Amino acid sequence: MAAGTHYLPGLTPTNEASVQKSDDAAGYYVLGDKLVDPKAPTGPIAERWTTRKFENRLVNPANRRKLDVIIVGTGLAGGAAAATLGEAGYNVKTFCYQDSPRRAHSIAAQGGINASKNYKSDGDSDYRLFYDTVKGGDYRSRESNVYRLAEVSTNIIDQCVAQGVPFARDYGGLLDNRSFGGVQVSRTFYARGQTGQQLLLGAYQAMERQVAAGTVEEFTRHEMLDVIIVDDRARGIVARNMVTGEIETHLADAVVLATGGYGNVFYLSTNAMGSNVMAAWRAHRKGAYMANPCYTQIHPTCIPVTGAHQSKLTLMSESLRNDGRIWVPKNAEDCTKDPRDIPEEDRDYFLERIYPAFGNLVPRDIASRAAKYMCDEGRGVGPEVEETQPDGSVKKFRRGVYLDLGAAIERLGKDKIEEKYDNLLDMYERITGENPYEVPMRIYPAVHYVMGGLWVDYELQTSITGLFCTGEANFSDHGANRLGASALMQGLADGYFVLPNTITDYLADGPFDKVDESHPAVVEALDGVKSRVEKLMSINGERSVESIHKELGQIMWEYCGMDRNAEGLKTAIGLIRELKKEFWTNVKVLGSADSLNQDLEKANRVADFIELGELMCIDALNRRESCGGHFRSESQTEEGEALRHDDEFAYVAAWEFGGEDGAPILHKEDLIYTAIEMKQRSYK
Amino acid sequence: MKLTLKIWRQANASDKGALKTYELDGVSQDMSFLEMLDLLNEQLLHNDEEPVAFDSDCREGICGMCSLMINGEAHGPEVTTTCQLHMRSFKDGDTITIEPWRAASFPIVKDLIVDRSAFDRIIQNGGYISANTGSAPEANSVPAPRDKAMRAFNTATCIGCGACVAACPNGSASLFLGAKITHLGELPQGQPERYSRVQSMLAQHDHEGFGGCTNIGECASACPKEIPLDVISQLNKDLRNSMILG
Ligand SMILES: Cc1cc2nc3c(=O)[nH]c(=O)nc-3n(C[C@H](O)[C@H](O)[C@H](O)COP(=O)(O)OP(=O)(O)OC[C@H]3O[C@@H](n4cnc5c(N)ncnc54)[C@H](O)[C@@H]3O)c2cc1C
Ligand code: SF4
Ligand code: FES
């Protein structure tokens, strides 16, 4: 227990510092010191953020334009922060790899954003949103952070509406809400199926306004390849101009990474083609801890893979589970039949069968795993795809289950369903060529979100002084599992309200000593990047970057996906180490480094995904418990449900880079709950 | 399927560029158009030819990063983005010509990639509502009539892809501009800056070299998000009002 911790009257901590008994990952890592001070304030949970905001030092408006802040990534988390810091008068430089900040992958979020406005008077409150988020995250998040998130959620909605975000409204012209992700209150604000797009455009426009005002300078088609550290402080970045190929350095008083999630380590995911881990990973290699990297969210309702050509997967909003019934044929022989010819008694509505209380609405991880098991059993539907087995042999599986809107169409009418899901169902038809109003849809789980990311303290500062991290890129407030509509909330909370408050306390000590391009630390970082690029261009082997990325994805999906175990994870680590060698000796990148070169961009990204993949497997191997999105088959109840081990694992695993060939160093941050009681999930 | 592809290759902005012909076998109906190009690129790489550069990111029709003139049509034959176009819209033996957006205000960067930063500069010049973080009133304190909010939403779905410009014989960005004017102008929060907005955005539009609108309507038929032509009438109306009232 951290010294000086205060508890709410009547509440005692529900766990003490963990004592880990199992050590599956022995030999793969080194145990480091505990992380004892995440700088979270103490006192009553509802007052912590107010207290901290008051305690934080401010920067005199006249001094702000003397302070330079670099923000890498202009999705919700970065764009909102850039706009806000620009408005406050700081000198901001932003970077993104797309041709415009408006295209960050936040744009793809469909469902909505949570806020505890309690507009429906259904008993919502900051505490309830906090409670649901901690519970949904399976008690693996830091409570002070989560409460703060809930607390600022309502300001986000006010801010977005003021900017002109066209949220759905009721007939009286007031904001509408829906219930989302299996919670009992209606707290999700939405803009049809395009909430992320509308929120991002709001942040983007606010940021472009600051570009015009001269406080924000934006660099598009620029990719960060390293962080510059001078005298133990982050003081800038090395970035590649993706059009000219020039490798540039940019210097500042503080650096913020808002570079999104790394789900593409699995090759196939619902992320964008360019989503990557490079910025975070480069920082990790320079001393920033990576926290809980194995926590991955696998979303149950995505369009299945159709063949080896597949480049990405597309999400079908979870809301379909409200009206669709999920099933597979009872008999494997029926799997190739037209589903409409399979009579009712030969269908297995497996979620309704196994989880009668929640049925098709069980949480994402449970629904995903159940679908996988059905297909593993040979009762999947759709096209057959080849999969390489651990022994190297190839087996064919059908990876899909039906999501059947038939009963809902009969009950509510086709028009109602069309009104609710039109753009979604159109997209489904466009991709699959099948009409979902006539033939049951096919869905399968896909990697969707990562709860893991750079470790940050309560101030959103990483373990490198002056390097901050926001949005999906940090290890975040979602613990081991994120609730629907909470990532948009977190991105905007970080960007508009949290970071702009915490970074000022850091900047109050600035401007720091001037650093110029000739400083040895700057030159070293620049040279490092240059020689890496040269190396990638000169290997001139046989294999495309794409093929190596695909192979990595297969390893990760097979062994570090929905169902993990010690043996498989060890196999994966071995395979990944081989693949790393293969990459650095046999990759092929054509063209030149001094011009636009998309294969070079990919090569840089995949090189880091390979290293991240190994760490994810080590983290998963160490965590011999099942929690949230992380399921270890060694840790389940008699009924086959996830089993947490709070006595051993109620901690954040923060990994320090252990050197090129060294083992990573594990620092544990104990999770101590004072405002909520830990319980085991049950959805039966 | 087997296809003949005629693809615009251009090394950089100053290179002249030309169409180059490729034969591609093994294309499946289930591939997206961009996955078909991925397949081509994989083969080019093996033959030691530099892959074709083209933009894409989300590949689900929402980020607006993908582009391409496909047989002379922006985003190809269907009402959708190139990334959502699937090969079942083509048949075995087809010849497909693939070119970048052609517009003076969108200079070519390489192969099929163009520079659309002019769109960002139009937004910088008024394409927003000024509301500093923290200054916002309670969200429900200003109701917005539902039909107006719906129209605001429908026009706010523009993905900034630039197909409207590429399709327009004048290279006008009026549809893009009108969509933003309508989105912000339909909301109560957008009223204070309504008339200054239309003037400064339009001034930037013209400054970037986008052409004027002569009501041809190619833009709306090319738009993957079906932004209706009436946003241009709205643009003109707001412009007139701004001259009278502003
Ligand atoms: C299909 C889909 C649907 C979703 N639906 C929902 C939903 O309904 N509700 C919800 O709450 N959440 C949803 N999520 C999750 C949520 O959208 C994301 O977690 C969130 O938007 C991430 O925001 P971000 O700002 O952290 O990152 P992003 O928006 O991904 O932005 C990352 C930024 O970093 C930049 N970048 C990355 N690497 C580099 C580099 N090396 N150099 C320079 N720039 C770099 C990119 O250019 C980009 O600007 C969904 C996610 C997906 C994929
Ligand atoms: S109006 Fe349509 S075609 Fe033009 S940029 Fe917007 S979405 Fe693209
Ligand atoms: S790649 Fe995003 S819209 Fe096509």
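The values are calculated or read from the model by the stated rules, or taken from the named source; none is laboratory data. Nothing here was measured: the structure is a model prediction, and the numbers come from that model. All Cβ positions, glycine included, derive from the backbone under ideal geometry; neighbour counts span all protein chains shown.
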Residue count for segment A:89-116, restricted to those that are assigned to a helix (DSSP H, G or I), more than 7 Å from every other protein chain (Cβ to nearest Cβ) and either within 13 Å of ligand 3 (Cβ to nearest atom) or farther than 26 Å from residue A:251 by Cα (or both): 1
Selection count where residues are surrounded by 24 or more Cβ atoms within 10 Å (Cβ to Cβ) and of a type in the set (D, E, K, R), scope segment A:192-217: 2
Single residue of B:97, B:81 found to be modelled with pLDDT of 95 or more and either in contact with a Phe, Trp or Tyr (Cβ under 6 Å, 6 or more places away or on another chain) or under 26 Å from residue A:203 (Cβ atoms) (or both): B:81
Failed criterion for residue B:27 (all others in (1) surrounded by 20 or more Cβ atoms within 10 Å (Cβ to Cβ); (2) facing chain A (nearest Cβ under 10 Å); (3) within 16 Å of ligand 2 (Cβ to nearest atom); (4) of a type outside the set (Phe, Trp, Tyr) hold): (3)
Verdict on residue B:177 being assigned to a helix (DSSP H, G or I) and either in contact with a Cys (Cβ under 7 Å, 6 or more places away or on another chain) or farther than 30 Å from residue A:174 by Cα (or both): no
Lone qualifier among B:180, B:225 - being under 18 Å from residue A:201 (Cβ atoms), surrounded by 16 or more Cβ atoms within 10 Å (Cβ to Cβ), within 16 Å of ligand 3 (Cβ to nearest atom) and within 20 Å of the chain's Cα centre (by Cα): B:225
Within segment A:269-319, considering residues that are more than 10 Å from ligand 1 (Cβ to nearest atom), among the polar types (S, T, N, Q) and within 30 Å of residue A:662 (Cα to Cα), the one farthest from the other protein chains (Cβ to nearest Cβ): A:292
One residue from A:266, A:189 being within 12 Å of chain B (Cβ to nearest Cβ) and either closer than 30 Å to residue A:365 by Cα or surrounded by fewer than 21 Cβ atoms within 10 Å (Cβ to Cβ) (or both): A:189
Segment B:43-66 residues that are more than 7 Å from chain A (Cβ to nearest Cβ) and within 16 Å of ligand 3 (Cβ to nearest atom), paired with ones that are outside any loop (DSSP other than H, G, I, E, B) and hydroxyl-bearing (Ser, Thr, Tyr) (beta carbon under 6 Å, 6 or more apart): B:66/B:82
Total residues in segment A:643-670, condition closer than 14 Å to residue A:455 by Cα and part of a loop (DSSP other than H, G, I, E, B): 1
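Residues are listed down the side, and each one gets a yes or a no for (1) acidic (Asp, Glu); (2) within 21 Å of the chain's Cα centre (by Cα); (3) farther than 21 Å from residue B:132 by Cα:
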position: A:88; (1), (2), (3): no, no, no
position: A:98; (1), (2), (3): no, yes, yes
position: A:101; (1), (2), (3): no, yes, no
position: A:110; (1), (2), (3): no, yes, yes
position: A:114; (1), (2), (3): no, yes, yes
position: A:118; (1), (2), (3): no, no, yes
position: A:123; (1), (2), (3): no, no, yes
position: A:131; (1), (2), (3): no, yes, yes
position: A:136; (1), (2), (3): no, yes, yes
Qualifying positions in segment B:1-31 - over 18 Å from residue B:85 (Cα atoms), assigned to a loop (DSSP other than H, G, I, E, B) and out of contact with any Gly (no Cβ under 9 Å at 6 or more places or on another chain): B:12, B:13, B:14, B:15, B:16, B:17, B:25
Per-region count, segment A:217-253, residues within 12 Å of ligand 1 (Cβ to nearest atom) and either without any contact (Cβ under 8 Å) to a residue 12 or more places away in the chain or assigned to a loop (DSSP other than H, G, I, E, B) (or both): 3
Residues (outside any helix (DSSP H, G or I) and β-branched (Val, Ile, Thr)) located in segment B:78-123: B:79, B:80, B:81, B:95, B:96, B:97, B:98, B:108, B:109, B:113, B:114
The one condition in (1) within 14 Å of chain B (Cβ to nearest Cβ); (2) in contact with a strand residue (DSSP E or B) (Cβ under 8 Å, 6 or more places away or on another chain) that residue A:445 fails to fulfil: (1)
Subset tally (residues that are away from every other protein chain (no Cβ under 11 Å) and in contact with a Leu (Cβ under 7 Å, 6 or more places away or on another chain)) for segment A:140-158: 4
Odd one out for residue B:116, checked against (1) surrounded by fewer than 22 Cβ atoms within 10 Å (Cβ to Cβ); (2) within 13 Å of ligand 3 (Cβ to nearest atom): (1)
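Yes/no per residue for (1) part of a loop (DSSP other than H, G, I, E, B); (2) among the aromatic types (Phe, Trp, Tyr):
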site	(1), (2)
B:202	no, no
B:205	no, no
B:210	yes, yes
B:214	yes, no
B:224	yes, no
All strands (runs of 3 or more DSSP E) inside segment A:254-336 with 2 or more residues being closer than 29 Å to residue A:547 by Cβ and in contact (Cβ under 8 Å) with a residue 24 or more places away in the chain: A:296-302
Residue among A:183, A:165, A:161 that alone is part of a loop (DSSP other than H, G, I, E, B), closer than 18 Å to residue B:187 by Cα and more than 19 Å from the chain's Cα centre (by Cα): A:165
